[in-house]
Amino acid sequence: MSVTTPTIGEITILESGDRLTRPEFERRYRAMSQLKKAELIDGVVYVASPVRIQKHANPHARMITWLGVYEAATPGVMLGDNSTVRLDAENEPQPDALLRIDQAWGGQSRISEDDYIEGAPELIVEIAASSASYDLHDKMQAYRRNGVREYLVWLTQEQQFRWDILREEGYVQQQPDPQGILSSQVFPGLQLAVTALLAGDMQRVLAVLQEGIGGSSRG
């Protein structure tokens, strides 16, 4: 029995599990204007499900707030919210948040003529329900291979936060200092009060970030 692939007009739609080249993925994605998020990871399509408020949307907003304050205070960096990233021929993710260093400031990614990020941003953030998510498996390996230097994952169901640093042997998970703070190895002054974040205390999160930014500017 043959299986008919769903289409919209003359365009074959994107479905999770499709195996596509990056040009074909982009062609179908552009044609589906109603689709808000789809990713290509190692040649496999992942189409996002509807987004829940407490498990994803609000944590996402908190990460954007934290990184937005840092961007506003730091020359030469750019924040992206759900930006498509052309990593390589088989990987085109759309991470929840990213922070990149401008090429003029020594960054490793660039902006293409058609306004996409090409290459690996220095820092990527994903919001994941649990450790079973592909964010900590296939996607993590794609980020590692392409040189994303810091990878942050908020596991909302398990109430955990990971901050991995890329080393020669792969990603190594950082542990918070005695004050419950994690700090970037790439972005001076970017620090996160993890315990406060998980408790919903954004006032404390932003106060700790401001301390880091202030200390960095004095240094």
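Summarising the amide proton neighbourhood of MET32: residues at separation of 5 or more, or on other chains, whose placed amide H is nearer than 5 Å comprise an empty set. Taking every alpha-carbon pair under 8 Å whose residues sit at least 6 apart, the range 51-218 reaches a relative contact order of 15 percent.
Which longest run of the chain has no exposed loop site in it, a site being trypsin sites (Lys or Arg not before Pro) in a DSSP loop with at most 15 other beta carbons within 10 Å, and the site itself not part of the run? Don't skip to the answer; put the middle values down first.
Numbers: sites that count: LYS36, LYS37, ARG52.
With a cap of 15 other Cβ atoms within 10 Å, the longest stretch comes to 53-219.
Based on the Cβ-Cβ distance of GLN203 and GLU158, what FRET efficiency does E = 1/(1 + (r/R0)^6) give at R0 = 25 Å, to the nearest 0.05? It comes out at approximately 0.55. Couplings 3J(HN,Hα) of the range 56-61, computed from phi: 9, 4, 6, x, 4, 4 Hz, in residue order, whole Hz [Karplus 6.51 cos²θ - 1.76 cosθ + 1.60, θ = phi - 60°; x for Gly and Pro]. Taking a Cβ cut-off of under 13 Å around GLN175, the surrounding Lys, Arg, Asp and Glu residues balance to a net charge of -1, with basic ones at +1 and acidic ones at -1. An oblate overall shape is assigned to the range 114-219, the ratio a/c of its alpha-carbon gyration tensor axes (a ≥ b ≥ c) being 1.5 or greater and a/b not exceeding b/c.
Relative to the Cα centre, what is the charge dipole magnitude of the chain, using +1 at the beta carbon of each Lys and Arg, -1 at the beta carbon of each Asp and Glu, and rounding to the nearest 20 debye? Can you show the working numbers first?
Values: 21 positive and 30 negative charges, 79 e Å.
Result for the chain is approximately 380 debye, rounded to the nearest 20.
Note on the chain: Cα convex hull, mean projected area over all directions, 14.1 nm².
Report the FRET efficiency, 1/(1 + (r/R0)^6), for ILE53 and ILE111, where r is their Cβ-Cβ distance and R0 is 35 Å, rounded to 0.05. List each step's numbers first, then the result.
Working: r = 32 Å, r/R0 = 0.91.
The value I calculate is 0.65.
Residue-wise HN-Hα couplings along the range 175-186, as the Karplus relation 6.51 cos²θ - 1.76 cosθ + 1.60 with θ = phi - 60° gives them from phi, are 10, x, 6, x, 8, x, 10, 10, 10, 6, 8, 10 Hz; Gly and Pro carry x. A Förster distance of 30 Å, applied to the separation of the beta-carbon atoms of GLU15 and THR65, puts the FRET efficiency at 0.35.
What number results when the radius of gyration of the range 158-219, computed over Cα atoms, is divided by 2.2 N^0.38 Å? Don't skip to the answer; put the middle values down first.
On the way: Rg = 12.4 Å, N = 62, 2.2 N^0.38 = 10.6 Å.
Dividing the Cα Rg of the range 158-219 by 2.2 N^0.38 Å gives 1.17.
Most fluctuating residue of GLY189, GLY147, GLY106 in a GNM of the chain with Cα springs under 10 Å: which is it? Maximum among the listed residues: GLY106.
Note on ASP42 and ALA132: the extension gain reaches 30.6 nm, defined as 0.36 nm multiplied by sequence separation minus the Cα-Cα distance.
Counting charges near PHE25 (Lys, Arg +1; Asp, Glu -1) among other residues having Cβ under 11 Å from its Cβ returns a value of 0.
Among the GluC sites (Glu not before Pro) within the range 26-133, which fall in a DSSP loop and have no more than 10 other Cβ atoms within 10 Å of their own Cβ? Don't skip to the end; give the middle numbers.
Numbers: sites: GLU26, GLU39, GLU71, GLU90, GLU113, GLU118, GLU122, GLU126; in loops: GLU90, GLU113, GLU122.
Listed in order of number, the matching sites are GLU113.
Couplings 3J(HN,Hα) for the range 84-93, derived from phi with the Karplus relation 6.51 cos²θ - 1.76 cosθ + 1.60 (θ = phi - 60°), are 5, 10, 8, 6, 7, 5, 10, 9, 9, x Hz, where x marks Gly and Pro.
Amide H contacts of THR74 (H built 1.01 Å from N, in plane; Pro and chain starts excluded): no residue 5 or more places away or on another chain comes under 5 Å.
All other residues with a Cβ under 10 Å from the Cβ of SER130 taken together, and with Lys, Arg as +1 and Asp, Glu as -1, what is their net charge? Could the numbers behind the result be given before it?
On the way: positive: LYS55; negative: ASP135, GLU158.
So the environment of SER130 carries a net charge of -1.
Structure remark: mean-square fluctuation, Gaussian network model of the chain, C-alpha springs under 10 Å; the largest value among SER16, SER130, SER183 belongs to SER16.
Since every read-out is calculated from the coordinates, none of them should be taken as a lab result. Since this is a predicted model, take the numbers as computed values, not measurements. FYI the Cβ positions are ideal-geometry reconstructions off the backbone, even for glycines, and counts take in every protein chain you see.
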